[in-house]
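Engineer: Can you read through this structure? Questions will come right after.
What follows is calculated from the coordinates using simple rules that are stated; it is not laboratory data. Just so it is clear, the model here is predicted, and its values are computed rather than measured. No Cβ is skipped: glycine too gets one built from the backbone with ideal geometry, and neighbour counts run over all protein chains shown.
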């Protein structure tokens, strides 16, 4: 392992994080709508964090001053893994130094700060902050930093993606499309080209969504924060009611804002390479892609089922009544919403939000019927497409998993017939790939089960009973906590339902959540590389 | 596929089932304690069922009169698979023809009868009968037939085991020990020898337990029924309170009976080949066996944890109070039981009962703390040792699963180092085996998830709300239903808790349960062979 190079690159990451914090500072100033009295501590905390970041960065650059430019795969994976650890620690400083309040009267401790930071960088969107709307508890500049971590996390995913691009058969199968580009260049140059293209698409979509939200009446602050939360499939909002907040504001068109965000969540869960193909006028690449087709079909089918079964169980009856509608009616904006339209509006949003692993909410799906609750819990494990900012296991892995099972069962009875695994008609054979997919599923199941058992054992019952929840729900709630953090979603069922948060969990379990978010985001293997001693030996 | 041979063998199975029904008849007679008034319908139902079984058997033998003696693996698997289907149908006849009552006033319909029959043959022990103690509802002779299906199911498992013995690498790994026997004989002769040895051990243990229970004061009827339920890891009792009943009977030593049954459950979950080794004075084979050691350690560790955490949560405080103790005290039998002794008594029994997939109960573990509930739910997927009558995934598959994951993760970082998979020090390499274990886990996860989703979607909420259960528990309860049937256990949590049963489920879901019990028992592949069209073509 080339340690000087590692230090050099990590120093760069630390400085990048410190620099990014600067963008939070203006929101503390009165000229940008900040109330200095509330923002003072946040401002000081951010500045202090920046100083520490730069100090760490300069220190690491000094240690790595002799690092050369040769970056091998092992180093690339180690850099990404360690960057995430470093980002979690440094990104948590502003919360800690500003003394932000978790709930009224309780300041965030170190574990809380790390949790919020990891949740941001891993684009999970799980929060320990129970009141975002009181600037006395959470300063606006800290809120902006919180959403910025989503943007940076999304960037990190793109870097990770480029790093594994075309590496090994599994990487190739996950990518499928070779990145079009100047073919006479070196692989290094191609990688840089790819990284730039993906970055520009990501930044472009963030900008486009922010502009649209501005046009739809949001403030610049809200527009930027929600654009970051959407395009990174993060899910941090600046309101306690998440996206549902906008429907309650007179003058704002709630449904329009919701559908805009839903559309961009769909894009955020799409392979960015495919979007590039569409941009260079090859739109058929997207429709021809088996993963994207499956992704779209799953969303459509599940939405249809959630809407149909939800209408039968009257799941959406309250939606028009206790939010949105009454305000809109009071505002004289419109007539009684149609039940079906209402159901589609809320059903589609929740399904897209969970499937893309964003975690924004416009309704509390914990109140839905059992099918909807169950299927949303399963969708958490599906996630977005490979090459998107979405989390979860990724659609392509599920396709490969079921195809592998099918082929293996068939082969058990016809040992003489060996059929290759096909993706969209193309054979993508090798036996390694089949095994790798099965191993990945096996690891996820093992991590899920062990984490679940730890959570139900270690977490005291008081987390449920002291906050109005029945302890009988501990098994399900814990399962959704694990699913929602491992797959980088955020909300789940029960104690972490759409209107709840992670604030009441005990510190050991919060630390477990932090690791799980990182494991999920880095797809296990990248993180494991840090713990295999052999990787650290030279050569 | 050699169809005449198939018919011939299936005819034999039908006649065997018919013949076995005869053993139920005496219990209807006054001389054996039957009250003819209650037993009349049961007797007629049994006789009618016997006639149908023999008619079917003779018909099948006639169809297969030209079948030759060559039995290949494919035929063996098909015979086992089809026998199970045939047994389910024929074994359900006595319930249907005797008009046994599911609950007071509701006679068993065809689905109920098939469910009870499949539950017996697959040694699951899930029941739709809500009152076993009223001979007006369930005649004694039918109750005996019900327990006999466990005995026959256990026999079927032994046949299945011999059929797959040494077939392919997976079969070899599952077996590990080559069966010692006359080595100069043909494979056919060795197979027959193995089958006889295993049968004698099985029958011997059944007899031994029945005699012990007789000596401990049970009636012959109860002793036989509970011996069948124990040694087949079935779980059908003749009392509503399952094994907990005996502690409430004055004059019986509840703890002694419970520990006797627990000891035999442990044996029933042990590889029968290892018991043979012990019988031929090679007891070290058992202690040296990695699977048996793991099995024993898991039971010890989980029991210790359930007892310790249960004492902390006061899970066992009620045990002494509302059952057993008061009666024993009233009987002047003894002093106040020690809390720890009490906890060990109840904790050990539930853990052994679930781990071996028997499903007998002396306490309602749904009332335990979350850790105990969760860990028992997980133990359902572990099950007994390969080569036992236990269900579940089997301990050896879990060992192979975790070893494979470990080796694969290691190999991802050291592609040059290829280490073989070792079991108890011996390398059992091949790549096929690793993949097969992963495929098996994948199939179980897929079946579990799909069944769970179907159950929560199709089963009406009324199954919960009409019977005093909160519909919010549907997700967990459905998961335990799936786990308890797929792994052939019986009881689970909530609506199917230790004191509940499957009577209230809707017919479509009962049919799903029937399939799942069969899938679990036949370890998926044997059943799948019936649905692969290519297998039915000649040559």
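Engineer: So which residue of A has the beta-carbon closest to the axis that swings A onto B, and how many whole Å away?
Structural biologist: Rotation axis A onto B, closest Cβ, rounded to whole Å: A:438, 2.
Engineer: Could I ask something else about it? Can you give me the relative contact order of segment A:418-530 as a percent, contacts being Cα pairs under 8 Å and 6 or more apart?
Structural biologist: In percent, rounded to a whole number, it is 20.
Engineer: Rounded to whole Å and sorted largest first, list the principal axis extents of the Cα atoms in segment B:350-437.
Structural biologist: For segment B:350-437, the Cα extents along the three principal axes come out at 53, 29, 21 Å.
Engineer: A further question on this structure: Under the rule of -39500 (n - 2.57) per DSSP H run of 4 or more residues, summed and divided by the residues of chain A, what mean residue ellipticity at 222 nm is obtained, to the nearest 500 deg cm²/dmol?
Structural biologist: -20500 deg cm²/dmol
Engineer: Right, something else. Rg (Å, one decimal) plus Dmax (Å, integer) for the alpha carbons of segment A:287-503?
Structural biologist: 20.3, 72
Engineer: Throw me the Rg/Rh for segment A:84-145, computed over C-alpha atoms with Kirkwood Rh, two decimals.
Structural biologist: Numbers: Rg = 10.5 Å, Rh = 11.3 Å.
Ratio of gyration radius to Kirkwood radius for segment A:84-145: 0.93.
Engineer: Using a label point 7 angstrom from Cα along Cα-to-C-beta, what distances in nm, from shortest up, separate residue A:253 from the other copies?
Structural biologist: 8.3
Engineer: While we're on this one: I'd like the per residue volume of the convex hull spanned by the Cα atoms of segment B:395-435, given in cubic angstrom.
Structural biologist: 66 Å³
Engineer: What number results when the radius of gyration of segment B:341-397, computed over Cα atoms, is divided by 2.2 N^0.38 Å?
Structural biologist: Here the Cα radius of gyration is 1.12 times the empirical estimate.
Engineer: Can I ask one more? Mind ordering A:219-229, B:292-302 by average Cβ neighbours within 10 Å, highest first?
Structural biologist: A:219-229, B:292-302
Engineer: For chain B, what ratio Rg/Rh do Cα atoms give with a Kirkwood hydrodynamic radius?
Structural biologist: Rg divided by Rh gives 0.96.
Engineer: Can you list, shortest first in nanometers, how far residue A:419 lies from the same residue in the other copies, with each label 7 Å from Cα toward Cβ?
Structural biologist: Computed spacing set for this position: 3.7 nm.
Engineer: Kindly give Rg over Rh for the protein assembly as shown, based on alpha-carbon atoms, with the Kirkwood expression for the hydrodynamic radius. Intermediate results must be reported in sequence, preceding the final value.
Structural biologist: On the way: Rg = 31.6 Å, Rh = 31.5 Å.
Rounded to two decimals, Rg/Rh equals 1.00.
Engineer: Along the principal axes of its C-alpha atoms, what lengths does segment A:1-41 span, in descending order and rounded to whole Å?
Structural biologist: 49, 16, 8
Engineer: Residue by residue through A:458-471, how many Cβ atoms from other chains fall within 10 Å of the Cβ on average?
Structural biologist: 1
Engineer: Taking only the alpha carbons of segment B:188-268, what extent do you get along each of the three principal axes, in Å, biggest first?
Structural biologist: Computed over segment B:188-268, the largest-to-smallest principal extents equal 52, 21, 20 Å.
Engineer: Please compute the Kirkwood hydrodynamic radius over segment B:28-70, one decimal place, Å, based on all pairs of different Cα atoms.
Structural biologist: 12.6 Å
Engineer: Can you give the mean number of other chain Cβ atoms that lie within 10 Å of the Cβ atoms in peptide A:372-381? Could the numbers behind the result be given before it?
Structural biologist: Values: counts 2, 4, 11, 3, 0, 4, 4, 0, 0, 1.
So the per-residue partner count for this stretch is 3.
Engineer: Going from the alpha-carbon gyration tensor of segment A:468-515, what semi-axes, largest first and in whole Å, does one get by taking the root of 5 times each eigenvalue?
Structural biologist: Details: eigenvalues 49, 30, 21 Å².
They are 16, 12, 10 Å, listed largest first.
Engineer: For residue A:217, go 7 angstrom from Cα along the Cα-to-Cβ vector, then report the distances to that same point in the other copies in nm, smallest first.
Structural biologist: Here residue A:217 shows inter-copy label distances of 7.9 nm.
Engineer: By per-residue mean of other Cβ atoms within 10 Å, what is the highest-first order of A:357-369, B:493-505, A:204-216, A:431-443?
Structural biologist: In descending order of packing, they fall as A:357-369, B:493-505, A:431-443, A:204-216.
Engineer: Over segment B:287-503, calculate the relative contact order: mean separation of alpha carbon pairs under 8 Å at least 6 apart, over the residue count, as a percent.
Structural biologist: With pairs under 8 Å counted, the relative contact order is 20 percent.
Engineer: For segment B:1-136, count all C-alpha to C-alpha pairs, find those more than 21 Å apart, and express that count as a whole percent of the total. The partial results should precede the final answer.
Structural biologist: Working: 4307 of 9180 pairs.
Of all Cα-Cα distances in segment B:1-136, 47 percent exceed 21 Å.
Engineer: Give me a single rounded figure for B:432-439: the average over its residues of other chain Cβ atoms within 10 Å of their Cβ. Walk me through the numbers before you get to the answer.
Structural biologist: Working: counts 1, 0, 3, 7, 2, 2, 10, 10.
What the average comes to for B:432-439 is 4.
Engineer: Given 10 °C and 1.306 mPa s, compute D for segment B:423-495 with the Stokes-Einstein relation, Rh being the Kirkwood radius over Cα pairs; round to the nearest whole µm²/s.
Structural biologist: Values: Rh = 14.4 Å.
Here the translational diffusion coefficient equals 110 µm²/s.
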